């Protein structure tokens, strides 16, 4: 067994790393920590990782991701408060990147796509002592964000 503790970083192929990096800087507040020809490395606020996201350019004619195919479905980025989920939803809708939202019991989430069609999730993790029945089951149910803000805000 390999004793993995957590995901350290993700790397995505994108059409243009500089364009994708600008999106992640603007939308999620990432900061560029390194660059090389055709690649940009970004760090999330408050992380101890060298980088959390690597972006590698594959060219303007590269095909976009297709739902239902083998490969990465989405990345999930955690925010500290339930209020951040409302702010994320509003900002993603403003940018035309929003694709939906879900209540997973253990987390409350909004989903979006970056300029290359890569899906990502912004989630608030419910405190573990409140997971209850969701501890050992996965659910996807409609998110009542206002009720969750009342509950966790």
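The values are calculated or read from the model by the stated rules, or taken from the named source; none is laboratory data. A quick note: this is a predicted structure, and the numbers were derived from the prediction, not measured. Virtual Cβ from ideal backbone geometry, glycine too; neighbours counted across all protein chains shown.
Key figures
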{"read-out": "One residue from 150, 91, 133 being farther than 22 Å from residue 46 by Cα and in contact (Cβ under 8 Å) with a residue 24 or more places away in the chain", "value": "133"}
{"read-out": "Selection within segment 1-17 - modelled with pLDDT of 95 or more and either loosely packed, with under 15 Cβ neighbours inside 10 Å or assigned to a strand (DSSP E or B) (or both)", "value": "10, 11, 12, 13, 14"}
{"read-out": "Given (1) within 30 Å of residue 152 (Cβ to Cβ); (2) modelled with pLDDT under 95; (3) outside the structural domain of residue 5 (by TED's automatic domain parsing), index of the condition residue 47 fails", "value": "(3)"}
{"read-out": "Test: residue in segment 56-67 that is touching a strand residue (DSSP E or B) at 6+ places or on another chain (Cβ under 9 Å), under 26 Å from residue 13 (Cα atoms), part of a helix (DSSP H, G or I) and touching a residue at least 24 places away in the same chain (Cβ under 8 Å)", "value": "no"}
{"read-out": "Filtered residues of segment 136-152 (kept if surrounded by 10 or more Cβ atoms within 10 Å (Cβ to Cβ), out of contact with any helix residue (DSSP H, G or I) (no Cβ under 7 Å at 6 or more places or on another chain) and in a helix (DSSP H, G or I))", "value": "146, 147, 150, 151"}
{"read-out": "Cβ pairs under 9 Å, 6+ apart, first in segment 9-34 and in the same structural domain as residue 119 (by TED's automatic domain parsing) and more than 23 Å from residue 71 (Cα to Cα), second in a strand (DSSP E or B) and modelled with pLDDT of 95 or more", "value": "none"}
{"read-out": "Answer from 122, 99 - the residue that is surrounded by fewer than 17 Cβ atoms within 10 Å (Cβ to Cβ), assigned to a strand (DSSP E or B) and touching a strand residue (DSSP E or B) at 6+ places or on another chain (Cβ under 8 Å)", "value": "99"}
{"read-out": "Of residues in segment 76-88 being in contact (Cβ under 8 Å) with a residue 60 or more places away in the chain and buried (at least 17 other Cβ atoms within 10 Å of the Cβ), the one farthest from residue 130 (Cα to Cα)", "value": "86"}
